[in-house]
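This report refers to the structure that appears directly beneath it.
The values are calculated or read from the model by the stated rules, or taken from the named source; none is laboratory data. Treat the numbers as computed from the prediction; the structure is a model and nothing was measured. No Cβ is skipped: glycine too gets one built from the backbone with ideal geometry, and neighbour counts run over all protein chains shown.
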Amino acid sequence: MSEPADPQTFRPTGPLRGSLRAPGDKSIGHRALICAAMAVGESRISGLDVSGDIAATARALAAMGAVLKRHGADWSVHGVGVGGLLQPAGVIDMGNSGTGARLLIGLAASHTIEAVFTGDASLRRRPMDRIIEPLGRIGADFTASPGGRLPLTVRGAMPAMPIGYRLPLPSAQVKSAILCAALNTPGTTRIVEPEPSRDHSERMLACFGAEIVVGEEKGERVIELTGEADLTAQDIAIPGDPSSAAFPLVAALIVQGSDVTIENVCINPTRTGLFDVLLEMGADITYENTRDLDGEAVADIRARHSSLNAVDVPPEIAPRMIDEYPILFVAASIAEGRTEARALGELRYKESDRLEAMAIALEALGIAVERFDDRLAITGSGGNPLGGPEAVPLDAAGDHRIAMSLAIAGLASRGGVTIDDMRPVATSYPAFAADLAALGPEA
Ligand code: S3P
């Protein structure tokens with residue numbers, strides 16, 4: 001980020017009303033671009049707005065030979081075919097995108113190329129050993145920075161070896177990195193998932209004609225992909241991102257008199273943990289016009305102001321709402337009673353240490369927060385406004401989802417909040433402030 005920091009103040013507002021379309025789902029978008037880049041022929045992808053993360057994946061695929069063109073939220077991608085990635089000329093900079101970095105390192109790991117991947121300061125702090133270990137087993141060779149971090153060099157295996165791998169942690173990124181590598185690996189790669197994580201890779205690969213079979217054994221998901229099969233170009237529509245929809249949705253729940261509909265949101269059950277927890281807290285949320293969009297379930301989600309009650313958030317829901325804990329903590333801060341969430345260790349390895357960043361910010365807003373290694377308990381205000389009479393300065397820790405969560409907290413505050421820097425929001429939801437303003441009373 002070369003421009004100066006962008007501090008912004010978010011103040012309490014009158015009722016939020018109206019409808020909006022959340023940006024195209026980032027997880028599905030990365031996968032659509034990757035499958036299209038590996039397919040034979042020209043694919044068309046619609047509904048994929050450019051965020052920082054999506055732009056990074058598109059640039060990286062272009063550096064390895066795919067031809068991508070964009071007209072607004074519509075893309076055309078001319079693929080290289082499985083096995084056809086070219087040696088990139090320079091270092092591949094994945095910016096802030098952990099998903100893009102891990103999936104593309106997986107893709108490179110089974111091609112005869114040597115590629116150097118790096119990212120911004122946040123991404124360079126994040127662990128890559130979780131993909132280096134399984135990708136090493138398929139025969140790829142890595143030189144990583146200390147602690148198994150970026151920048152790292154991957155030298156792809158030739159030929160790659162199909163592996164059987166039981167995921168040691170629930171991670172769609174690790175699963176998908178292995179699936180990306182499996183595309184150009186002879187034989188059948190087998191992944192066992194003890195706790196199901198988001199399954200967009202499996203769905204997207206099936207859409208593009210990959211030889212993929214998903215089953216269950218002793219209560220665990222088993223995914224088998226047979227490699228070296230062609231992918232065929234497709235026309236794919238990307239649904240709205242539930243992880244972005246979460247912000248205006250929680251805003252509607254906590255601002256008196258609000259009634260907001262967010263259209264065309266992906267409601268794949270591996271992504272709806274937040275909505276389920278909010279319903280349990282007493283939120284008035286309804287799914288309308290539920291339908292299928294190219295293999296993913298979508299709905300228009302209507303949210304109305306609600307009195308929320310505290311809840312015990314079960315640990316097993318973590319993989320289904322992993323990116324939504326920061327905004328859940330905001331909802332918990334307004335709820336009546338003590339909300340406790342457990343099994344949150346992974347939050348410390350996201351774009352920032354999200355457990356720490358949210359605890360610090362909510363304490364600054366006068367909320368009682370109990371912090372533990374991998375747990376957080378919040379005693380809510382029972383509907384009373386947060387903070388004091390003046391705008392409270394808050395640190396977004398350079399993290400898009402912390403910045404947006406705290407901005408929403410500002411709408412339910414007494415005197416507002418001033419976020420130190422809103423630039424990171426461009427990573428996933430560049431139109432966030434504009435969308436929120438359009439729902440506001442003066443719009
Ligand atoms: C993602 C998986 C999750 C999530 C991330 C997107 C994906 O990460 O936090 O924002 O698209 O596969 P983990 O795989 O580390 O849980």
Across the range 20-34, what is the total count of residues that are within 19 Å of L436 (Cβ to Cβ) and near the ligand (Cβ under 8 Å from one of its atoms)? 1
Evaluate the following for V417: is it among the hydrophobic types (A, V, I, L, M, F, W, C), closer than 23 Å to D6 by Cα and touching a Ser or Thr at 6+ places or on another chain (Cβ under 9 Å)? yes
One residue is enough: does the range 99-116 have a residue meeting the conditions touching an Asp or Glu at 6+ places or on another chain (Cβ under 8 Å), within 16 Å of the ligand (Cβ to nearest atom) and not hydrophobic (A, V, I, L, M, F, W, C)? yes
Checking the structure you have, find out if any residue of the range 343-357 is surrounded by 17 or more Cβ atoms within 10 Å (Cβ to Cβ) and away from the ligand (no atom under 16 Å from the Cβ). no
The one condition G366 fails out of (1) surrounded by 17 or more Cβ atoms within 10 Å (Cβ to Cβ); (2) out of contact with any Lys or Arg (no Cβ under 8 Å at 6 or more places or on another chain) is (1)
Could you go through the range 163-176 and let me know if any residue there is crowded, with 18+ Cβ neighbours inside 10 Å and either closer than 16 Å to I92 by Cβ or not assigned by TED's automatic domain parsing to the domain that holds D230 (or both). no
Specify the residue that is farthest from the ligand (Cβ to nearest atom); the eligible residues are those in the range 322-339 that are under 18 Å from D353 (Cβ atoms) and aliphatic (A, V, I, L, M). V330
Please determine whether any residue of the range 61-75 is without any contact (Cβ under 8 Å) to a residue 24 or more places away in the chain and under 21 Å from V174 (Cα atoms). no
Kindly check whether there is at least one residue in the range 302-313 that is surrounded by fewer than 24 Cβ atoms within 10 Å (Cβ to Cβ) and within 16 Å of the ligand (Cβ to nearest atom). no
Test P424 against the stated conditions and say whether it is closer than 23 Å to A5 by Cα and in contact with a His (Cβ under 9 Å, 6 or more places away or on another chain). yes
Hey, A101 aliphatic (A, V, I, L, M), in a helix (DSSP H, G or I), free of Cβ contacts under 8 Å to residues at least 12 places away in the same chain and in the same structural domain as L150 (by TED's automatic domain parsing) or not: no
P196 under 18 Å from E346 (Cα atoms), touching a Lys or Arg at 6+ places or on another chain (Cβ under 6 Å) and not assigned by TED's automatic domain parsing to the domain that holds E346: yes
Residue under question is G382, and the condition is that it be in contact (Cβ under 8 Å) with a residue 24 or more places away in the chain, at positive phi and outside the structural domain of P127 (by TED's automatic domain parsing); does it hold? yes
Just one of A396, A391 is farther than 28 Å from P168 by Cα, within 21 Å of the chain's Cα centre (by Cα) and surrounded by 15 or more Cβ atoms within 10 Å (Cβ to Cβ); which is it? A396
